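Inspection log for the structure reproduced underneath, given as structure tokens.
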Amino acid sequence: MRIRIDLRQLECFVAVAEEGTFRAAAERLHMSQPPLSRQIKQLESELGVTLLNRDSAGAELTTAGSALLKGARKTLLQAAEAIEIARRHSKGTPRQLRVGYTKVFDPEVFPSLEPAFKKAVPDGSLVFVAAISVELIRRLKRGALDVALIGLPSATGELVVEPLHKEPLVAVIPARHPLARHRVLSIAQLYDQPLFWPQRRTNPGFFDHYEEVFAKLGHAPSRRLTEPADHHLLLAEVASGRGIGFIPKSMTKVRRAGATFRPLKEREFWIGFGLAYRNAQHASELDALLRIARHHTALLPPGME
């Protein structure tokens, strides 16, 4: 019997499997839930198996679904790479590189790459996409980006990652908070304070890494607040007295009345960035961008290395 499966069905299945709910998967794919459900049902019907168990809490992979997931991811990646190779060999096609970047860091930490890239690849161009690191990683894996500047630590799976920079996290606290009397803070002083902290779904790798750090230190935060997506909003929330947060040291030049910064005693608290891409066999355009990125990083002030 001949099985007919299209890439869209696999893309929908992978999205639901990774997000855990049809709602989140639909948002990720920029579609409504009914057509997403139909794609999954058509895939299950074609295969003759149940891939997902649905309930009010979301969707959970069955044994068959778990078996399919790895192969589905590989198929989508191979298709994206084949399409990219075809485009690259098409005569008259501009040498375009799709670059994702996270806005976690001060833009001055990583200056614009475009002028240097145009000098190295005169007929090339860069197309930039801004998103949170976890979304950039997803786009890389499905072939929607060629390379991305992501925050570290992150869960990147089979992607190649070149760490470029590492710097301390510092505490940002209300200026009138009693802890503002201290020049340096320890995690032990913060564990019972309301702390703005990212949710796991926004960056599982970062979240899991620091859960291990908190466990090692024996001072896991007991009062966590959802961290705003933007550093300016975080500073505003801290200045209002709602809680305490952490930001990269490079962002301390962004001042806000009512908020002040303090270094942390523990060196385990850091954040970095690196370039992530799919594999070691890539276009000359990407090689040129990697060389430029390494050069710019070498000029940065010392971090924590």
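Looking only at residues in region 84-109 that are out of contact with any Ser or Thr (no Cβ under 8 Å at 6 or more places or on another chain) and either at pLDDT 85 or above or crowded, with 20+ Cβ neighbours inside 10 Å (or both), the one that is nearest to Phe206 (Cα to Cα) is Tyr101. Has region 256-269 got any residue that is in a helix (DSSP H, G or I) and either more than 26 Å from the chain's Cα centre (by Cα) or within 30 Å of Thr156 (Cα to Cα) (or both)? Scanning region 256-269, I find no residue that is in a helix (DSSP H, G or I) and either more than 26 Å from the chain's Cα centre (by Cα) or within 30 Å of Thr156 (Cα to Cα) (or both), so the answer is no. Note on region 95-203: enclosed helices (runs of 4 or more DSSP H) holding 3 or more residues that are touching a residue at least 60 places away in the same chain (Cβ under 8 Å) are 114-120, 133-141. Restricting the search to region 45-70, which residues are exposed (fewer than 12 other Cβ atoms within 10 Å of the Cβ) and modelled with pLDDT of 90 or more? The answer is Ser45, Gly48, Asn53, Thr63.
Return yes or no: is Leu77 among the hydrophobic types (A, V, I, L, M, F, W, C), surrounded by 16 or more Cβ atoms within 10 Å (Cβ to Cβ) and either assigned to a helix (DSSP H, G or I) or modelled with pLDDT of 90 or more (or both)? The answer is yes for Leu77.
Here is a yes/no grid of residues against (1) within 24 Å of Leu69 (Cβ to Cβ); (2) modelled with pLDDT under 90:
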residue: Ala148; (1), (2): yes, no
residue: Pro174; (1), (2): no, no
residue: Arg201; (1), (2): yes, yes
residue: Phe214; (1), (2): no, no
residue: Leu217; (1), (2): no, no
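Summed over region 1-16, the residues that are part of a helix (DSSP H, G or I), within 15 Å of Gly65 (Cβ to Cβ) and hydrophobic (A, V, I, L, M, F, W, C) give a count of 6.
From the list Ala144, Ala180, the one residue that fits, being modelled with pLDDT of 90 or more and out of contact with any Phe, Trp or Tyr (no Cβ under 9 Å at 6 or more places or on another chain), is Ala180.
In region 1-22, which residue that is exposed (fewer than 14 other Cβ atoms within 10 Å of the Cβ) and free of Cβ contacts under 8 Å to residues at least 12 places away in the same chain is farthest from the chain's Cα centre (by Cα)? Among those that are exposed (fewer than 14 other Cβ atoms within 10 Å of the Cβ) and free of Cβ contacts under 8 Å to residues at least 12 places away in the same chain, it is Met1.
The values are calculated or read from the model by the stated rules, or taken from the named source; none is laboratory data. If you're wondering where the values come from, they're calculated on a predicted model, not measured in any experiment. Here the Cβ is made from the backbone with ideal geometry for all residues, glycine too, and neighbour counts use every protein chain on show.
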